[in-house]
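> Sharing a structure, written as structure tokens. Questions coming.
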Amino acid sequence: MNDASWYQFRAWVEYFGKVFGKITIAVPPAYTSQECSNCGVIVKKSLSQRTHSCQCGCEMDRDHNAARNILRRGLATVGHTGGLMLDMGNAWGDGASTVVGESLPQQALS
Ligand SMILES: [Zn+2]
């Protein structure tokens, strides 16, 4: 996908997040597929390789592994900011920030 498509996708996700009262956090996407969500080691894999299989014994669908990495990065952002102001980071190149409600910590941990 080109950059414009990703920007559009993010804009939609953030829009629906607001509409439905859900928190959205953009995280740096680098290595979310390659990194082992269990031990943190980089496990190189091609796009056609659908299974994450690490020397630590962690084996799961590659998308499941990536989802766990993305969730951890998102929650780490919440912890560092105290939940009132989220730095959306430079993952998408614009450094935009989003103000969120006071109920964030409860929602993020539930
Ligand atoms: Zn591992």
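> Just the residues that are open to solvent by less than 80 Å² (accessible area, probe 1.4 Å), touching a Lys or Arg at 6+ places or on another chain (Cβ under 8 Å) and not basic (K, R), please, taken from the stretch 40-51.
Within the stretch 40-51, just T51 meets the criteria.
> Let me ask another. Of A66, A26, which residue is at pLDDT 95 or above and within 12 Å of the chain's Cα centre (by Cα)?
Of the residues listed, the single one that is at pLDDT 95 or above and within 12 Å of the chain's Cα centre (by Cα) is A66.
> Between residues in the stretch 57-71 that are over 21 Å from P28 (Cα atoms) and residues that are assigned to a helix (DSSP H, G or I) and near the ligand (Cβ under 10 Å from one of its atoms), which pairs lie under 8 Å by C-beta distance while being six or more apart or on different chains?
Hits for this filter: C58/N65.
> Scan the stretch 1-39 residue by residue and report those that are in a loop (DSSP other than H, G, I, E, B), farther than 12 Å from A66 by Cβ and open to solvent by 40 Å² or more (accessible area, probe 1.4 Å).
Matches in the stretch 1-39: M1, N2, F20, G21, K22, I23, I25, P28, N38, C39.
The values are calculated or read from the model by the stated rules, or taken from the named source; none is laboratory data. Computed from a predicted structure; not experimentally measured. Cβ atoms come from the backbone with ideal geometry, glycine included; neighbour counts cover every protein chain shown. We work out accessible area using only protein heavy atoms, side chains counted, and drop any ligands, DNA or RNA first. Shrake-Rupley method; radii C 1.70, N 1.55, O 1.52, S 1.80 Å.
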